[in-house]
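Enquirer: First, the structure itself, so that you have it in front of you.
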Amino acid sequence: MPAVVVLGAQWGDEGKGKATDLLATTDPIDFVVRTSGGHNAGHTIVVNGEKFATHLLPSGILTPGATSVIANGVVVSPEALFRELDGLIERGVEVADLVVSANAHVIASYHSVIDKVTERFLGKNQIGTTGRGIGPAYSDKVGRIGIRVADLFDEGILREKLEAALDVRNHLLTKIYNRRAIEVDTVLEELLSYTDRLRPMVADTSLLLNNALDEGRTVLFEGAQATMLDVDHGTYPFVTSSNPVAGGVCVGSGVGPTRIDRVIGVIKAYTTRVGSGPFPTELFDEDGLELQRIGGEIGVSTGRTRRCGWYDAVVARYAARVNGLTEFFLTKLDVLDSWERIPVCVAYEVDGKRVEEMPMTQTEFHHATPIYEYFEGWKTDISGCRTFEDLPANAQTYVRALESISGAKIWGVGVGPGREQTIVVNG
Ligand code: GDP
Ligand code: IMO
Ligand code: MG
């Protein structure tokens, strides 16, 4: 399996970290690559009962022998990068090799300042961002006033680019948001303090990855965020500012679509969302609180509780379509162990009509209410199951039913956070 994409099929936190780690340790993987987002991600990996969280670093940083790559589509905060690396080193982790794209854009402290003041300014319309400066850094990239990793190694160019960027950003900060202007010298000093440590890690990662694929080596692209948070395909404007869909992997890495062999959508056996925005199957009752409690649905990056609801097959089918999924990895089936009856949203009702596909407009999506089908629960602890046949009959029925209505086969099922708590269904 030379080039495999792992991505989120819902609103994030589906278990992409676990899926990536599992693939990277069951088959020998040469490269684990992040292609979008930044340290807004929070990916949990549980190895021998010990829990690790990665944010900007690919999960492959924990896999000996694999090289971790932060490709051009990622927005890189050097401060967050080294804080995360040092945190792992302090815990005694033997961190894998790390390569950072020269073309990746940089998040400096002013981006997170702008992120936070923008949210405050939006008031009740706020997105509920992670406050990490992701949106402002991508805005600068598209607005052609961004700073790239390569710029950090030429002080003259860096100063010129910072002057241009801060000229624009300081107008916004002082005249609209009534804040103090940010000094070029302060940011220059902040960024230059990382250059010596960063320089040996920087390379042309598109060349590196394409050469690796030419040599038959294996590359795993670890998605961050998710399909429904995609700036083009998600629930805009309640989205992140990048393209976490499969197409974004090609743009974000400089690896062409013809080289991708598998696209795995990670999906929970129910649904969660952090931050604002529409969520048709969201629960506001005891069941929602139970999913949150049993599923441990607390954000890895921001510590916010996640909104919880039932499985939404309309979202699943949409993710299968816009990503061209070859398969799903269904996680957290064990969280449903105690329910008598499990609802699954198979379609929506929108303004009195049954709708099988994602509604076209945001207003229609806001009006969507779920149409449920109900499945018998299994009322058994499945966390020790290791084969599909080990699962109780009702759990097998649930998995097969999801598969038949979600638009791609289910390759694996998660029955607990541990690497080994996985069932390979079609392997
Ligand atoms: P990511 O952002 O997609 O990598 O997901 P997160 O790490 O933010 O959130 C997923 C959470 O679910 C983490 O706490 C994982 O340890 C946990 N997890 C992943 N797979 C399973 C599973 O199959 N069962 C259970 N109970 N927990 C899981
Ligand atoms: P992983 O990779 C869940 C959400 C934020 C907010 C919106 C925009 O762990 O699945 P941003 O800071 O990106 O501008 O915030 O996107 N969000 C996530 N939600 N999991 C994530 O990452 C997320 N990354 C961003 O909560 O609603
Ligand atoms: Mg997460």
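The values are calculated or read from the model by the stated rules, or taken from the named source; none is laboratory data. Since this is a predicted model, take the numbers as computed values, not measurements. Note that each Cβ is placed from the backbone with ideal geometry, even for glycine, and that neighbours are counted across all protein chains shown. Side chains included, ligands, DNA and RNA excluded: accessible areas come from the protein's heavy atoms. Shrake-Rupley method; radii C 1.70, N 1.55, O 1.52, S 1.80 Å.
Enquirer: Here's a check for you: in the stretch 296-329, which residue that is within 16 Å of ligand 1 (Cβ to nearest atom) and of a type in the set (Ser, Thr, Tyr) is nearest to the chain's Cα centre (by Cα)?
Expert: Filtering the stretch 296-329 for residues that are within 16 Å of ligand 1 (Cβ to nearest atom) and of a type in the set (Ser, Thr, Tyr), the one nearest to the chain's Cα centre (by Cα) comes out as SER301.
Enquirer: Yes or no: the stretch 373-387 includes at least one residue that is under 30 Å from ILE260 (Cβ atoms) and surrounded by 19 or more Cβ atoms within 10 Å (Cβ to Cβ).
Expert: To start, the set of residues in the stretch 373-387 that are under 30 Å from ILE260 (Cβ atoms) comprises 386-387.
Filter once more, so that each one left must be surrounded by 19 or more Cβ atoms within 10 Å (Cβ to Cβ): none.
There is no residue in the stretch 373-387 that is under 30 Å from ILE260 (Cβ atoms) and surrounded by 19 or more Cβ atoms within 10 Å (Cβ to Cβ).
Enquirer: Can you spot a residue in the stretch 235-252 that is modelled with pLDDT of 95 or more, assigned to a loop (DSSP other than H, G, I, E, B), more than 14 Å from the chain's Cα centre (by Cα) and surrounded by fewer than 19 Cβ atoms within 10 Å (Cβ to Cβ)? Write out each step before concluding.
Expert: Our first condition is that a residue be modelled with pLDDT of 95 or more; within the stretch 235-252, this holds for 235-252.
The next check asks that each one be assigned to a loop (DSSP other than H, G, I, E, B); those that pass are 235-245, 252.
Applying the additional criterion that residues be more than 14 Å from the chain's Cα centre (by Cα) yields 235-238.
So of that shortlist, the ones also surrounded by fewer than 19 Cβ atoms within 10 Å (Cβ to Cβ) come out as 236-237.
Checking the stretch 235-252: at least one residue is modelled with pLDDT of 95 or more, assigned to a loop (DSSP other than H, G, I, E, B), more than 14 Å from the chain's Cα centre (by Cα) and surrounded by fewer than 19 Cβ atoms within 10 Å (Cβ to Cβ).
Enquirer: Here's a follow-up. Can you tell me which residue within the stretch 357-372, out of those that are open to solvent by 60 Å² or more (accessible area, probe 1.4 Å) and without any contact (Cβ under 8 Å) to a residue 12 or more places away in the chain, is farthest from ARG317 (Cα to Cα)?
Expert: The selected residue is THR363.
Enquirer: Only one of (1) open to solvent by less than 10 Å² (accessible area, probe 1.4 Å); (2) within 16 Å of ligand 3 (Cβ to nearest atom) is not met by TYR348, so which one is it?
Expert: Evaluating TYR348 over (1) open to solvent by less than 10 Å² (accessible area, probe 1.4 Å); (2) within 16 Å of ligand 3 (Cβ to nearest atom) leaves (2) as the failure.
Enquirer: Okay, moving on. Which one of the conditions (1) open to solvent by 50 Å² or more (accessible area, probe 1.4 Å); (2) under 30 Å from THR54 (Cα atoms); (3) modelled with pLDDT of 95 or more does ILE298 fail to meet, given that it meets all the rest?
Expert: Tallying (1) open to solvent by 50 Å² or more (accessible area, probe 1.4 Å); (2) under 30 Å from THR54 (Cα atoms); (3) modelled with pLDDT of 95 or more, ILE298 fails exactly one: (3).
Enquirer: Same structure, new question: Considering only the stretch 1-52, state which residues are polar (S, T, N, Q), open to solvent by less than 20 Å² (accessible area, probe 1.4 Å) and on the phi > 0 side of the Ramachandran plot.
Expert: none
Enquirer: Could I ask something else about it? Could you list, in sequence order, the residues of the stretch 290-323 that are in a loop (DSSP other than H, G, I, E, B) and of a type in the set (S, T, N, Q)?
Expert: From the stretch 290-323, those in a loop (DSSP other than H, G, I, E, B) are 295-297, 299-304, 306, 310; that's our starting set.
Within the stretch 290-323, SER301, THR302 meet the criteria.
Enquirer: Same structure again: Pick from THR272, THR302: which is out of contact with any strand residue (DSSP E or B) (no Cβ under 6 Å at 6 or more places or on another chain), in the same structural domain as THR44 (by TED's automatic domain parsing) and β-branched (Val, Ile, Thr)?
Expert: Every option except THR302 fails the conditions.
Enquirer: To continue, here is another question. Applying the selection to the stretch 253-295, what residues are within 18 Å of LEU330 (Cα to Cα), open to solvent by 40 Å² or more (accessible area, probe 1.4 Å) and more than 20 Å from the chain's Cα centre (by Cα)?
Expert: ILE294
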